[in-house]
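What follows draws every value from the coordinates through simple rules; no lab data is involved. The structure displayed is predicted, hence computed values, not measured ones. All Cβ positions, glycine included, derive from the backbone under ideal geometry; neighbour counts span all protein chains shown.
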Amino acid sequence: MPSLPSIWVRFTIAGVALLSLAAVVGAHFAASPTYANGRVVEFDTRVAGPYEIALGKIPPTPIVGSLYLSIVVIDVSSQDPVMDANVVVTAIGPGASAVEVGPIVVDPDPDSQNYAGYYDTQEAIVLDRPGEWLFTVSVDGAPWGEGVAEFPVEVTTPNPITGIITLVALVSFIVVVALAIRMFLRERRRSRSGAS
């Protein structure tokens, strides 16, 4: 039968292991939010000619690196989604005077039956520096005509603290599990040698 200190050590190690696991899982979900159906949850909306154009970003707070866009086009007068429009995106980066991204033709969502009026970028848009990027969305859909809207998007640098916290929590978890296994095996050897 294990001694009382041995049982206490096991519970302590198990508690630390669970806390470490919770920290790793918490850091992961804090670093990369999940969206239902991979959809954007917040849109920036502008009225441009006959259209209401909404721009959503994945991730919602863009960082230097990859960015995906989801655009919703609505007919202002009827409030109906606009299907099969020509949607083109361009962007000018901070400190630049010429277009650096695009023109990118944005296709309708493949599941247009459930997401009418949605247009999604299929390839990642790579943003190479922080600062305010100016995205221009041009929509041309017969018979309504053309509408152009500009969306300023603030791009930041990735936060290294989140990665460091995740790494420390993961290493702590691995160390605690290794110590728990070692103590378990040691106790098992003792109980076998005491029984012999």
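For this structure, a couple of remarks:
- Near T90: Cβ cut-off under 12 Å, other residues only, Lys/Arg at +1 and Asp/Glu at -1. The net charge is -2.
- For the range 43-155, the fraction of alpha-carbon pairs lying more than 18 Å apart is 45 percent, rounded to a whole number.
- Taking label points 7 Å from Cα along the Cα-to-Cβ direction, M183 and N159 give a separation of 3.3 nm.
- Computed extension length for I104-V76: 7.7 nm, one decimal, from 0.36 nm per residue of separation with the Cα-Cα distance subtracted.
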